[in-house]
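Enquirer: Here you go, one structure.
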Amino acid sequence: MIATRTLAEWQAVFAERDVCVEPVLTLDEMAQHPQVQARGLIVEVPRPDAPPQRQVGFPVQFSRTPPAYRHTGPPLGAHTREVLQEAGFTPEEIERWPLKGRSALIFPASIEKIPQQT
C-alpha cells in the first residue's frame, strides 16, 4: 500500500491530519537533514591509523558536560577469536576459519556449538 504513492503524496495526505508521520531516511539523507546539521550530530572521531571517521554523535546535549569523542570502536572482527573461545570453540577449530576482518556470524553451521542461554 505504501508503495502506491510517492513520499510527497503521502505527506499531502497526512498534512491535514493530527498525526506524526515522517519518512525513514537513509544514512546519507539523515546526515543532510537540517535538524541533524543544526544540532551538529555528525561528528568526526579520531582513529589511530586512519583519517577521522564521521559518525552520528551523542544525541543529548548538556551545556556543562559535552561528550568527548576520543576514539572509534574496535574494527569488525577485532574480538572474534575471544568471543568464539568463550563460546567453547577450541583454538584449532577457530584457526580453520578465515576470520580476518569477519564476524563469526558468517558461519551458521557452527551455531549449534554455542551454548543456549537459560
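Enquirer: Before we move on, is Q53 under 30 Å from P98 (Cβ atoms), among the polar types (S, T, N, Q), under 20 Å from the mean Cα position of the chain (by Cα) and outside any loop (DSSP other than H, G, I, E, B)?
Expert: Spelling it out, Q53 is indeed under 30 Å from P98 (Cβ atoms), among the polar types (S, T, N, Q), under 20 Å from the mean Cα position of the chain (by Cα) and outside any loop (DSSP other than H, G, I, E, B).
Enquirer: With the structure loaded, tell me whether P23 is farther than 30 Å from R96 by Cβ and assigned to a strand (DSSP E or B) or whether it fails that test.
Expert: Spelling it out, it is not the case that P23 is farther than 30 Å from R96 by Cβ and assigned to a strand (DSSP E or B).
Enquirer: List, please: which pairs have Cβ atoms under 7 Å, are six or more places apart or on different chains, and start with a residue in the stretch 6-17 that is modelled with pLDDT of 90 or more and end with one that is not in a helix (DSSP H, G or I)?
Expert: The qualifying pairs are F14/V21.
Enquirer: When residues of the stretch 36-76 are filtered for being surrounded by 12 or more Cβ atoms within 10 Å (Cβ to Cβ), closer than 21 Å to L25 by Cα and polar (S, T, N, Q), how many remain?
Expert: Result for the stretch 36-76: 2.
The values are calculated or read from the model by the stated rules, or taken from the named source; none is laboratory data. As the structure is a prediction and not an experimental result, all values here were calculated from the model. Methodologically, a virtual Cβ is constructed for each residue, glycine included, from the backbone with ideal geometry; neighbour enumeration extends over all protein chains shown.
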